[in-house]
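Since the structure comes first, as structure tokens, the remarks are kept for the end.
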Amino acid sequence: MPVLNRPFLEHVLLRLKEHGVDEAVLAISNLAEEIEACLGDGGRLGIKISYALEKTALGTAGAVKNASELISDSFFVLNGDIYTDLDYSAMLDFHRRRHACATIALTPVDDPTHYGLIETGPDGRVKRFLEKPKKEEITTNMINAGTYILEPEVMSRIPALQEYSFERQLFPGMLAAGEPVFAFPSSGYWIDIGNPEKYMRLNFDLLAGKSGRYGFERGDEVVIGKGCKIAASARISGPVLLGEGCEMGDGAVIEGPAVIGAGCRIGGGAIVRSSILWDRVSFGEGCCVASGIIASDCCIGEDICLDGVVAGDHVVIGHGAVVPQGQCIEPGHTLG
């Protein structure tokens, strides 16, 4: 999944590298071959990457247990769909000073009912876990942020080759046994990108400079990649990131926030507004897309209007097709 035209996992790995992490293990199952082909051994990123493949679903803790042969020291565990500005170095220092077996990052949210709520004492020691609480059960807005530090001996509490959960089994069991489980609060940027709306929000938040990274600070920058061909009458209003080798025809418009991948073709008079295009997307003349996510190698015919549409890779929408607002189109489908 590209974020600002770079695979999301690269963002995560490079943030870890900034804090001194030089080795990562990816616990993978779905799309394992594609992920390994993209990231390889990590040499391109300057961080060693190994892989632990799940043949059957093992749950959050079971997946880590499956990688235990590759673990010999204190280690971070990160949910793979979360972007955060968490200070990993400060969290590790806190973990060591508390002599914790497990430290759980916390983040505040407006509505904790969809997450795992965690109550702590004055010293940060965890007192209670409550997964997806009802409104009347809420006593704090601090939730499990999906980042942990664990000591290797914790792995002995997780059964091998069984589905097992950090949130519902491992951590409550450690708490019941009186083991030192602590929580590290953070007010930095945090978002999980488990649905299209949140995925789009992350891209647009980064364009707006909310995390203070990637060169976007004012919220109106226009960054144009190498080799782009933009007609003199075309118009771009930021914030916009335009990948390498893109083309914009006469009168074409991009209205930010928008992220356009490499090799995209935006025909004459076409409008892209508040949308994300992956690589090699082709828009015919007079097209309009608003609040959409269009994956790689899609071809959209002339005069097609898309509003809130999510299209997978290799989708073709022919001239004259009518696409309902907010429709999700499976990869490889042809409409019209």
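We did not get these values from a lab; they are worked out from the coordinates using the rules stated. Predicted, not measured: the structure shown is a model, and the values here were computed from it. Methodologically, a virtual Cβ is constructed for each residue, glycine included, from the backbone with ideal geometry; neighbour enumeration extends over all protein chains shown.
The table that follows gives values for the structure above.
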quantity: Three-way shape call for segment 49-199 based on the alpha-carbon gyration tensor, with the a/c threshold at 1.5; calculated: rounded
quantity: Segment 103-143, relative contact order in percent, only Cα pairs under 8 angstrom and at least six apart counted; calculated: 50 percent
quantity: Backbone N under 14 Å from the His99 label point (7 Å along Cα→Cβ), restricted to segment 161-199; calculated: 179-181
quantity: Global form of segment 12-78, assessed from the alpha-carbon gyration tensor, a/c cut-off 1.5; calculated: oblate
quantity: Fully extended contour minus Cα-Cα distance, from Glu302 to Arg201, at 0.36 nm per residue; calculated: 33.5 nm
quantity: Stretch gain in nm, segment Asp110-His333, where the contour uses 0.36 nm per residue and the Cα spacing is subtracted; calculated: 76.5 nm
quantity: Exceeding the 28 Å Cα-Cα cut-off - candidates Lys65/Lys135; Lys134/Lys198; Lys132/Lys198; calculated: Lys65/Lys135
quantity: Cα-based Rg of segment 1-112 normalised by 2.2 N^0.38 Å, two decimals; calculated: 1.11
quantity: Reachable aspartates and glutamates, given that their alpha-carbon falls under 20 Å from the alpha-carbon of Lys127 and they are not under 8 places away in the same chain; calculated: Glu119, Glu136, Glu137, Glu151, Glu167, Glu179
quantity: Protection-proxy order for peptides 162-170, 118-126, each taking the mean of Cβ atoms within 10 Å per residue, highest first; calculated: 162-170, 118-126
quantity: Distance between modelled label sites at Arg128 and Asp220, nm, 7 Å Cα→Cβ extension; calculated: 5.0 nm
quantity: Between 0 and 90°, nearest 10: helix 8-18 axis offset from the chain longest Cα axis; calculated: 50 degrees
quantity: For the chain, average projected area of the Cα convex hull in nm²; calculated: 18.2 nm²
quantity: Theoretical FRET efficiency, 1/(1+(r/R0)^6), r = Cβ-Cβ of Thr139 and Asp85, R0 35 Å, to 0.05; calculated: 0.85
quantity: Rounded to 5, percent antiparallel among DSSP beta bridges of segment 1-56; calculated: 20 percent
quantity: In degrees, nearest ten, helix 196-207 long axis to first principal axis of the chain (Cα); calculated: 80 degrees
quantity: Sequence-distant lysines (8 or more away, or on other chains) whose Cα lies within less than 20 Å of Lys17; calculated: Lys48
quantity: Shape category assigned to segment 88-151 from the gyration tensor of Cα positions, a/c cut at 1.5; calculated: prolate
quantity: Share antiparallel - DSSP beta bridges, the chain, percent rounded to 5; calculated: 30 percent
